Structure formats: structure tokens, C-alpha cells
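> Quick one: this structure, given as C-alpha cells, is what I'll be asking you about.
The values are calculated or read from the model by the stated rules, or taken from the named source; none is laboratory data. None of these values were measured; they are calculated from a predicted model. Neighbour counts are summed over all protein chains in view; Cβ atoms, including those assigned to glycine, are modelled from backbone coordinates with ideal geometry.
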Amino acid sequence: MYLQFSYIKYWLRRSEEHSIHSPFLFNFYTQVVRSKHALDPEVEAIRETLLKDKNLIDLVDYGAGSLINKGKKKSVKSIAKISSSPPKFSAFLHQVISYFGYQEVIELGTSLGLNSLYLSKDDKVNLTTFEGDPNLCKKARDSFSEAQRTNIHVVEGDINETLPAFLQTTERIDLAYLDANHKFEPTLNYFDLCLDKMSKNGLIILDDIHWSKEMWKAWKEIISRPEAILTVDLFDAGLVFLNPDIQPGNYTLTF
Ligand SMILES: C[S@@+](CC[C@H](N)C(=O)[O-])C[C@H]1O[C@@H](n2cnc3c(N)ncnc32)[C@H](O)[C@@H]1O
């Protein structure tokens with residue numbers, strides 16, 4: 001119910017390229033957001049297989065990131081259907097990486113690894129993806145092997161512990177895609193932790209900003225931060241550009 005109400009608010013607020021004053025955003029919007037999102041046939045074949053997989057797996061309850069999977073057995077097919085992004089959004093993630101030439105990428109919340117496969121599609125990308133559930137990690141690793149991806153590193157464990165440890169050993173992050181615990185405090189915490197290591201041209205993407213009141217509150221808080229130079233609400237996700245040299249603004253745009 002909340003999601004439907006939130007969509008109406010988004011729909012009433014959203015605009016298209018004519019509202020964009022920033023040349024940086026105009027180019028990104030017309031060339032990436034509004035361009036055709038090409039699906040990867042190999043990854044979509046993996047998605048199709050997962051969507052038919054009736055096997056049940058035990059899930060660890062990791063709070064609101066897995067609200068729909070709360071601490072019980074779920075079929076692989078229902079996880080693929082409910083927890084994974086729509087193919088169009090997955091393909092968009094890949095286009096973002098190609099457009100900016102990002103290399104150091106992290107994903108919080110691997111689940112079955114479908115977005116990981118798009119995030120790691122460019123050979124030069126080094127993707128680190130974080131997931132707490134051991135059974136999901138295994139399924140994701142199987143898909144990464146099937147797609148012969150050698151540029152994905154899965155970090156298994158509670159992100160509250162694994163992310164700070166990872167950040168101590170990492171030099172820089174170009175793109176951080178946050179799609180794990182969808183609660184107010186963890187979301188702000190992940191954002192703040194990543195900020196420290198983001199490159200100047202870096203981008204933080206927050207999934208599901210319209211999913212709940214808490215996520216919307218977290219988004220409103222984040223876009224008020226001085227580091228959030230240019231922000232874009234695309235409904236499926238919120239984008240936070242950090243480069244202080246680009247024209248600032250907060251936009252709500254059609255995806
Ligand atoms: C929405 S799903 C991620 C979907 C995935 N990015 C995709 O689109 O294919 C969120 C995932 O985050 C994981 N998660 C949530 N909170 C976590 C935590 N504190 N530590 C580790 N994993 C967590 C859940 O187990 C769940 O698999």
C-alpha cells in the first residue's frame with residue numbers, strides 16, 4: 001500500500017529532460033537513463049532458470065533488507081521474483097558503469113547475484129558484493145561460475161561487520177550500490193561508511209528508496225547532506241553524485 005501511494009507522489013513530481021539545468025545530468029539522462037536498456041541474454045537465461053527453481057532454501061533473517069524473506073524457507077523462484085530488481089534496472093546499472101568507466105564497484109546485498117552479474121559485466125570492473133545468507137551466497141557463486149565471472153569477490157557475513165573491515169583495506173570505490181538492510185539507520189550508516197572511500201567522480205545508488213517510510217526518510221536525510229551534490233530520484237532507486245565540481249540539484253526524473 002505504501003509503495004503504491006509513494007508511486008503516485010513520484011509520478012506527480014517526476015519530470016523529463018526539459019527540467020534539467022545541469023549539462024552533466026542532461027547528458028547522463030539522455031544517454032543512459034532514457035536510452036534503451038540492453039539486456040544480457042546469458043544473465044537473463046540464468047534469471048529464467050532461477051525463476052523456475054522450486055527448491056526451498058533456508059534464509060537467515062537480516063532485518064528489513066529481507067523483509068519479504070523473513071527468517072524462513074523460501075523457494076529460489078520466489079526470491080528471484082521478489083528480491084531481485086527488474087531486468088531493465090539491472091541493465092541500467094551496467095550502462096552506468098560503462099558510461100562513467102567505473103572500475104571499483106561494491107554491492108551491498110547480493111541475494112541471488114543477478115545485479116552482480118550486470119555490475120561486473122565490463123572486464124575492467126572489480127566487484128565486491130556483500131551477503132549475509134550462506135545459502136544465497138552459494139547460489140550466487142554458482143551463477144558467477146556459470147557466467148565465468150572472475151572479477152566478482154563475494155564477502156559473506158553481516159555487513160555491519162564485513163563492510164567496516166573491507167573499507168579498512170580498500171583504497172577507493174567508484175560506485176557503491178546499496179541494496180541490503182532497508183532500514184533508516186543501517187542505510188545512513190552504509191552511506192556514511194562508504195563516503196570516506198568514494199572517488200571524486202563517484203556515485204552512490206540507493207535501491208528501494210520508495211519502499212517504506214523509513215527508506216524515504218533515509219533518502220530525504222541523505223539528499224540534505226553537503227556531500228550529496230546532485231541527486232536523482234528514479235523511483236526504483238536514488239542516485240547520489242558526489243563530485244563537487246558538477247552543478248548541484250535534486251531531481252525527480254522519469255526512468
Ligand atoms: C533486496 S536483496 C538484494 C538483491 C540484489 N541486489 C539483486 O537485485 O539481485 C537484499 C539482500 O541483502 C541481504 N542483507 C540484508 N541485510 C544484511 C546484512 N546486515 N548483512 C548481510 N546481508 C544482508 C539479504 O540477505 C538479502 O539477500
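> Regarding the stretch 202-218, can at least one residue be identified that is without any contact (Cβ under 8 Å) to a residue 24 or more places away in the chain and loosely packed, with under 15 Cβ neighbours inside 10 Å?
Start the filter on the stretch 202-218 by keeping residues that are without any contact (Cβ under 8 Å) to a residue 24 or more places away in the chain, which leaves none.
The answer is no; no qualifying residue exists.
> Against the condition away from the ligand (no atom under 13 Å from the Cβ) and either crowded, with 24+ Cβ neighbours inside 10 Å or under 13 Å from the mean Cα position of the chain (by Cα) (or both), how does Val125 come out, does it pass?
Spelling it out, it is not the case that Val125 is away from the ligand (no atom under 13 Å from the Cβ) and either crowded, with 24+ Cβ neighbours inside 10 Å or under 13 Å from the mean Cα position of the chain (by Cα) (or both).
So that you can scan it fast, the table gives a plain yes or no per residue for (1) of a type in the set (Phe, Trp, Tyr); (2) assigned to a strand (DSSP E or B); (3) closer than 18 Å to Tyr29 by Cβ; (4) out of contact with any Gly (no Cβ under 7 Å at 6 or more places or on another chain):
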{"residue": "Ser199", "(1), (2), (3), (4)": "no, yes, no, yes"}
{"residue": "Trp211", "(1), (2), (3), (4)": "yes, no, no, yes"}
{"residue": "Glu214", "(1), (2), (3), (4)": "no, no, no, yes"}
{"residue": "Ala218", "(1), (2), (3), (4)": "no, no, no, yes"}
{"residue": "Pro226", "(1), (2), (3), (4)": "no, no, no, yes"}
{"residue": "Asn243", "(1), (2), (3), (4)": "no, no, yes, yes"}
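> Further question on the same structure: Residue by residue through the stretch 144-188, note down the ones that are within 10 Å of the ligand (Cβ to nearest atom), assigned to a helix (DSSP H, G or I) and polar (S, T, N, Q).
Of everything in the stretch 144-188, those that are within 10 Å of the ligand (Cβ to nearest atom), assigned to a helix (DSSP H, G or I) and polar (S, T, N, Q) turn out to be Asn160, Thr162.
> It is to be established whether one or more residues within the stretch 170-190 are hydroxyl-bearing (Ser, Thr, Tyr) and without any contact (Cβ under 8 Å) to a residue 12 or more places away in the chain.
No, the stretch 170-190 contains no residue that is hydroxyl-bearing (Ser, Thr, Tyr) and without any contact (Cβ under 8 Å) to a residue 12 or more places away in the chain.
> Name every residue in the stretch 111-122 that is within 19 Å of Leu39 (Cα to Cα) and near the ligand (Cβ under 10 Å from one of its atoms), in order of residue number.
Correct list: Leu112, Gly113, Leu114, Asn115, Ser116, Leu117, Tyr118, Leu119.
> Under the condition of being part of a helix (DSSP H, G or I) and touching a residue at least 60 places away in the same chain (Cβ under 8 Å), which residue from the stretch 128-143 is surrounded by the most Cβ atoms within 10 Å (Cβ to Cβ)?
Leu136
> Specify which of the listed residues (Leu51, Leu39) is outside any helix (DSSP H, G or I) and modelled with pLDDT of 95 or more.
Leu39
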